[in-house]
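Visitor: Mind looking over this structure? Questions follow.
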Amino acid sequence: MRRRDLPGVIPVFPLPGALLLPRSRLPLHVFEPRYLAMLDDVLKTDTRVIGMIQPNAVAGRDGDPGLHRIGCAGRITQFSETEDGRYMLTLTGISRYRVLEEVTGFTPYRRCKVSWDGFERDQATGAEGDEGFDREALMRLLNRYFSARNLSADWSALQDAEDELLINSLSMLLDFAPEDKQALLEAPRLETRRETLVTLIEYALRGGGGEEERMQ
């Protein structure tokens with residue numbers, strides 16, 4: 001999507017732990033009434049853009065949680081409706097954005113005025129590279145992580161994936177805390193995201209970051 005086509009006000013979907021990154025795909029199952037209404041409205045637009053965003057601990061409007069300042073917008077590229085009125089859809093990441101202010105209005109879902117400035121790399125057509133990427137070192141680390149959690153993986157697909165696809169997919173799929181997902185989102189470059197990802201995996205392997213530990 002061209003920069004001039006990016007809307008200045010977008011509907012936002014606050015979903016803890018759900019991470020969308022540019023040029024990546026996020027499947028969603030939508031059933032809550034206000035977000036069903038959001039999808040009905042978005043599907044009538046030319047852009048079909050939704051802003052994914054992480055809630056934060058600060059109180060927001062009308063009892064809703066506050067929102068982090070940076071999210072990532074995606075375009076609905078696949079969707080289907082179930083017989084009982086739920087939606088199954090896929091968002092393809094377009095660009096990160098910065099929240100300027102929340103817009104009040106008559107919609108049951110939340111909307112924000114946003115800025116796309118500073119995220120020009122996201123809006124480029126080609127994938128972002130990472131010159132310092134040591135793929136073999138990451139594969140060894142992932143093997144330890146997956147073994148520790150009894151997880152399986154398609155290692156040939158991981159080995160063959162482009163740098164951006166591999167790093168972003170792992171950032172989205174691995175089980176990190178919402179604040180860690182936000183750190184991965186806000187990484188200014190792919191290299192920084194890869195370094196953050198490695199740090200989080202190493203921390204998890206040392207016994208940190210478990211759900212039980214975070215709750216104490």
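Bear in mind these aren't lab numbers, they're just calculated from the coordinates by the rules spelled out. Since we're looking at a predicted model, the values are computed, not measured. With ideal geometry, Cβ positions are generated from the backbone for all residues, glycine too; neighbour counts draw on all protein chains shown.
Visitor: Find which of L200, S147, A183 sits farthest along the positive direction of the dipole of the range 135-215, computed with +1 on the beta-carbon of Lys and Arg, -1 on that of Asp and Glu, about the Cα centre.
Guide: The one lying farthest along the dipole's positive direction is S147.
Visitor: Now, a different point. What's the FRET efficiency of R25 with T82 using the Cβ-Cβ distance as r and R₀ = 22 Å, to the nearest 0.05? List each step's numbers first, then the result.
Guide: Details: r = 20 Å, r/R0 = 0.90.
Once the sixth-power term is evaluated, E becomes 0.65.
Visitor: Now a separate question. Just to be sure I understand: of the beta bridges DSSP finds with both ends in the range 3-115, what percent are antiparallel, rounded to 5?
Guide: Among the beta bridges of the range 3-115, antiparallel pairing accounts for roughly 90 percent.
Visitor: Just to confirm a number: summing +1 for Lys and Arg and -1 for Asp and Glu over residues other than T92 whose beta-carbon lies under 13 angstrom from that of T92, what do you get?
Guide: Values: positive: R23, R25, R48, R75; negative: D122.
Combined, the nearby Lys, Arg, Asp and Glu give +3.
Visitor: Which three lengths, in whole Å and largest first, does the chain cover when its Cα atoms are put on their principal axes?
Guide: 51, 43, 37 Å, listed from the longest principal axis down.
Visitor: Let me ask something additional. Over all directions, how big on average is the projection of the convex hull of the alpha-carbon atoms in the range 3-115, in square nanometres?
Guide: About 6.9 nm², averaged over all directions.
Visitor: Something else about it: Compare L197, L28, L67 in a GNM of the chain, Cα atoms joined below 10 Å, and give the one with the largest fluctuation.
Guide: Taking springs between Cα atoms under 10 Å, the residue moving most is L28.
Visitor: Okay, next question. With springs connecting C-alpha atoms under 10 Å apart, model the chain as a Gaussian network and identify which of F13, F106, F176 has the largest mean-square fluctuation.
Guide: Sorting by GNM fluctuation, first place goes to F106.
Visitor: Viscosity 0.692 mPa s, temperature 37 °C: what is the translational diffusion coefficient of the range 135-215 from Stokes-Einstein with a Kirkwood Rh over Cα pairs, rounded to a whole number of µm²/s? Don't skip to the end; give the middle numbers.
Guide: Numbers: Rh = 13.1 Å.
So the translational diffusion coefficient is about 250 µm²/s.
Visitor: Please build a GNM for the chain, connecting alpha carbons under 10 Å apart, and tell me which residue among R23, R86, R140 fluctuates the most.
Guide: R140
Visitor: Still on this structure, I have one more. Suppose every Lys and Arg Cβ carries +1 and every Asp and Glu Cβ carries -1, with no other charges. What dipole size does the range 3-115 come out with about its Cα centre, to the nearest 20 debye? Can you show the working numbers first?
Guide: Working: 16 positive and 12 negative charges, 133 e Å.
Magnitude of the dipole: close to 640 debye.
Visitor: For the chain, take the longest principal axis of its alpha carbons; what is the angle in degrees between that and the long axis of helix 163-173, to the nearest 10 within 0 to 90?
Guide: 70 degrees
Visitor: Further question on the same structure: Mind pulling the angle between the C-alpha long axis of helix 135-148 and the longest principal axis of the chain? Nearest 10 degrees, somewhere in 0 to 90.
Guide: So the helix axis and the longest Cα principal axis differ by about 80 degrees.
Visitor: Another question about this same structure. Could you work out how much longer the chain between A157 and D5 gets when fully extended? Use 0.36 nm per residue separation minus the Cα distance between them, nm to one decimal.
Guide: Working: separation 152, 0.36 × 152 = 54.72 nm, distance 3.40 nm.
Full-extension gain reported as 51.3 nm.
Visitor: Quick check: the angle from helix 33-42's long axis to the longest principal axis of the chain, C-alpha only, nearest 10 degrees?
Guide: Rounded to the nearest ten degrees, it is 80.
Visitor: Per-residue ellipticity at 222 nm for the chain, helices alone: DSSP H runs ≥ 4 residues times -39500 (n - 2.57), over residue total, nearest 500 deg cm²/dmol?
Guide: -9500 deg cm²/dmol
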